[in-house]
């Protein structure tokens with residue numbers, strides 16, 4: 001369809017620079033209208049004798065057209081947020097939610113899919129096709145297909161409101177983050193900060209019309225202060241601003257408060273679960289996950305807690321003792337990162353600034369590409385002429401045997417009007433079209449690293465290198481699929497508690513000496529990371545890993561308990577206190593409101609599923625043990641992992657894929673060993 005609206009036209013890559021806010025609503029409205037007409041036509045021809053092409057592939061075509069218009073808009077709203085774009089984006093949410101619910105409560109459509117699953121054709125369907133039909137029929141039931149009409153209408157209302165609230169949560173957090181800054185004129189106040197951190201703060205100040213330095217709550221700036229600032233009062237001030245974001249506490253108390261939003265979200269999720277016959281939202285969430293029951297999830301988390309907590313207690317005692325030696329006798333949350341870094345520097349003679357200079361972004365990317373090329377037999381080339389949303393964005397083409405596989409956008413640096421964190425999302429899925437053609441995948445990879453400054457390239461610390469590898473693992477999962485059915489190609493259809501497996505799996509290569517040489521090179525001389533630095537990094541790898549483990553377990557237990565017990569009379573704060581009584585070894589101040597910025601569960605897809613990170617880490621660590629046995633860059637083992645895991649997407653259950661690769665069920669032992677928590681007693 002040729003129009004002046006780029007969102008209504010077909011394209012190879014999204015025309016990001018051509019998208020205007022005035023395009024969004026008309027395009028989405030037109031596509032939804034067209035889709036409704038098309039679905040009625042499909043049902044007329046498929047209601048009695050449905051076929052795979054006539055029903056499933058035809059619906060895929062409609063879904064793909066909608067995704068082609070909406071995915072770029074959703075992406076731009078996250079990385080180039082503006083008042084106008086936000087308004088256009090939010091104006092579409094009710095219509096999209098209504099359309100989604102309408103399709104999933106369409107009884108004729110449900111009956112057509114059900115008839116296809118029971119037809120004689122089904123005997124000839126492959127594993128992916130059968131899985132898609134299972135998922136589709138479950139989605140219909142989880143969308144209230146069996147409910148009376150009044151309850152169906154209520155289900156639609158709840159889903160629409162949840163969509164709006166999720167967006168509101170994210171927007172208020174972004175606004176709160178940007179509402180706070182601290183202008184510094186006296187460089188002495190910044191004592192302890194690295195030269196690169198101060199250079200970035202100076203650049204931020206200049207960009208905002210100030211002299212001196214400007215501290216923000218974007219992660220690179222916040223992390224620099226908490227890790228390196230010798231000024232305890234400054235650390236406390238920045239900490240208080242950060243941990244009270246979008247809440248009733250802190251310097252901007254009551255502005256953009258996400259507290260009421262959280263309450264509404266939890267209430268509506270619980271109502272949704274009850275409508276569908278589940279005791280809690282946690283139970284509802286497990287219907288599409290690898291874990292079988294709430295008991296299994298909680299048992300898993302508490303077993304990890306039992307094994308890890310003694311290490312964390314000892315680590316905290318060591319940290320407090322060291323801080324006391326330095327004159328800090330009452331270690332607080334705003335002190336822990338600072339003294340942890342100082343203790344690590346002392347114990348291992350390891351300084352992050354000495355590491356960062358060996359990880360300029362281009363060297364890291366080239367090394368990363370070299371690693372995956374050797375493992376998976378792919379080639380990666382940078383594209384120079386493409387449409388983009390920001391001048392820092394880069395585009396890479398993935399090839400195999402000189403044949404196009406897909407595209408990967410990189411948006412790596414923090415900036416104003418960009419959501420914090422790191423993520424991968426899909427722009428286009430790999431699939432076989434109704435015309436028999438193969439459509440290649442396109443993904444976005446987003447991070448918030450410190451950008452280049454003063455003529456120097458952007459340089460990463462090792463934690464950022466790990467983040468890059470993690471998100472690239474997600475990208476490979478979506479790009480290297482061989483499943484031609486859209487519903488289960490790439491990350492589609494993968495159980496949420498397994499979707500982090502390929503991403504966490506990629507992190508392992510960041511720690512292998514053979515790979516550290518590939519991904520490192522001094523930004524001026526090109527010299528690889530010296531052996532003594534590699535040895536220090538490996539020695540410090542699991543420094544205070546018990547405390548890190550307990551923090552993740554606290555988040556996971558809080559999330560799951562909150563959604564499992566909502567309605568029992570306890571407030572969000574009381575649930576969090578209960579979890580901390582069980583897990584925490586160091587309590588934050590009472591004004592801390594971290595749930596108000598917990599986007600994973602209140603503005604993302606991890607509600608009652610944050611445990612997935614640790615669950616998937618078991619799969620990751622155990623699967624990586626095969627590479628430890630065969631060789632870190634063993635091409636045969638790499639191809640085996642690709643074919644058993646990455647290529648098969650969501651076409652089969654994760655446990656089946658794991659056993660196919662490893663020949664056995666997963667064990668928690670590898671995770672504990674990789675984390676330095678495997679001894680029977682605390683050392």
Inset, instruction - Say whether the condition of being surrounded by fewer than 19 Cβ atoms within 10 Å (Cβ to Cβ), in a loop (DSSP other than H, G, I, E, B), in contact (Cβ under 8 Å) with a residue 40 or more places away in the chain and touching a helix residue (DSSP H, G or I) at 6+ places or on another chain (Cβ under 9 Å) is met by at least one residue in segment 153-167. - result: no
Legend entry - Filtered residue count, segment 194-246, keeping only those that are within 24 Å of residue 172 (Cα to Cα) and assigned to a loop (DSSP other than H, G, I, E, B): 6
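Residue-wise test of (1) within 26 Å of the chain's Cα centre (by Cα); (2) closer than 15 Å to residue 461 by Cα.
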{"position": "510", "(1), (2)": "yes, yes"}
{"position": "514", "(1), (2)": "no, no"}
{"position": "522", "(1), (2)": "no, yes"}
{"position": "525", "(1), (2)": "no, no"}
{"position": "530", "(1), (2)": "no, no"}
{"position": "535", "(1), (2)": "no, no"}
{"position": "543", "(1), (2)": "yes, no"}
Inset, instruction - Name the residue, out of 397, 382, that is in contact with a strand residue (DSSP E or B) (Cβ under 7 Å, 6 or more places away or on another chain) and exposed (fewer than 15 other Cβ atoms within 10 Å of the Cβ). - result: 382
Inset, instruction - Just give me the residues in segment 535-548 being within 18 Å of residue 510 (Cβ to Cβ) and assigned to a helix (DSSP H, G or I), in sequence order. - result: 535, 536, 537, 538, 539, 540, 545, 548
Inset, instruction - Could you check, for segment 324-337, whether at least one of its residues is more than 28 Å from residue 459 (Cβ to Cβ), without any contact (Cβ under 8 Å) to a residue 40 or more places away in the chain and in a helix (DSSP H, G or I)? - result: yes
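Please find, among 53, 91, 58, the residue that is in contact (Cβ under 8 Å) with a residue 40 or more places away in the chain and within 27 Å of the chain's Cα centre (by Cα).
Values: 53 fails: within 27 Å of the chain's Cα centre (by Cα); 58 fails: within 27 Å of the chain's Cα centre (by Cα).
Only one candidate qualifies: 91.
Working carefully through the options 628, 617, find the one that is within 18 Å of the chain's Cα centre (by Cα) and over 30 Å from residue 264 (Cα atoms).
Numbers: 628 fails: within 18 Å of the chain's Cα centre (by Cα).
After ruling out the rest, the residue left standing is 617.
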Legend entry - In segment 604-629, the residues that are buried (at least 22 other Cβ atoms within 10 Å of the Cβ) and without any contact (Cβ under 8 Å) to a residue 40 or more places away in the chain: none
Inset, instruction - Could you list, in sequence order, all residues of segment 102-112 that are over 23 Å from residue 158 (Cα atoms) and surrounded by 21 or more Cβ atoms within 10 Å (Cβ to Cβ)? - result: 112
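For every residue, the table says whether it meets (1) out of contact with any helix residue (DSSP H, G or I) (no Cβ under 9 Å at 6 or more places or on another chain); (2) surrounded by fewer than 19 Cβ atoms within 10 Å (Cβ to Cβ); (3) closer than 18 Å to residue 93 by Cα.
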residue: 18; (1), (2), (3): no, yes, no
residue: 21; (1), (2), (3): no, yes, yes
residue: 25; (1), (2), (3): no, yes, yes
residue: 31; (1), (2), (3): no, no, yes
residue: 49; (1), (2), (3): no, yes, no
residue: 61; (1), (2), (3): no, yes, no
residue: 81; (1), (2), (3): no, no, yes
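Check 307, 302 and return the single one that is closer than 30 Å to residue 540 by Cβ, surrounded by fewer than 16 Cβ atoms within 10 Å (Cβ to Cβ) and in the same structural domain as residue 572 (by TED's automatic domain parsing).
Working: 307 fails: surrounded by fewer than 16 Cβ atoms within 10 Å (Cβ to Cβ).
On inspection, the qualifying residue turns out to be 302.
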Legend entry - Filter result for the condition that a residue is modelled with pLDDT under 95, in the same structural domain as residue 487 (by TED's automatic domain parsing) and in contact with a strand residue (DSSP E or B) (Cβ under 6 Å, 6 or more places away or on another chain), over 420, 406, 436: 420
Inset, instruction - Name the helices (runs of 4 or more DSSP H) wholly inside segment 603-683 in which the number of residues that are modelled with pLDDT of 95 or more is 1 or more. - result: 612-630, 635-641, 654-662
Inset, instruction - Return the only residue of 645, 601, 668, 632 being in contact with a helix residue (DSSP H, G or I) (Cβ under 7 Å, 6 or more places away or on another chain), touching a residue at least 12 places away in the same chain (Cβ under 8 Å) and more than 29 Å from residue 538 (Cβ to Cβ). - result: 601
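Rundown of residues vs (1) surrounded by fewer than 17 Cβ atoms within 10 Å (Cβ to Cβ); (2) assigned to a helix (DSSP H, G or I); (3) modelled with pLDDT of 95 or more, yes/no style:
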| residue | (1), (2), (3) |
| --- | --- |
| 528 | no, no, no |
| 552 | no, yes, yes |
| 555 | no, yes, yes |
| 558 | no, yes, yes |
| 561 | no, yes, yes |
| 567 | yes, no, no |
| 578 | yes, yes, yes |
| 589 | yes, no, yes |
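The values are calculated or read from the model by the stated rules, or taken from the named source; none is laboratory data. Being a predicted model, the structure only gives us computed values, none of them experimental. FYI the Cβ positions are ideal-geometry reconstructions off the backbone, even for glycines, and counts take in every protein chain you see.
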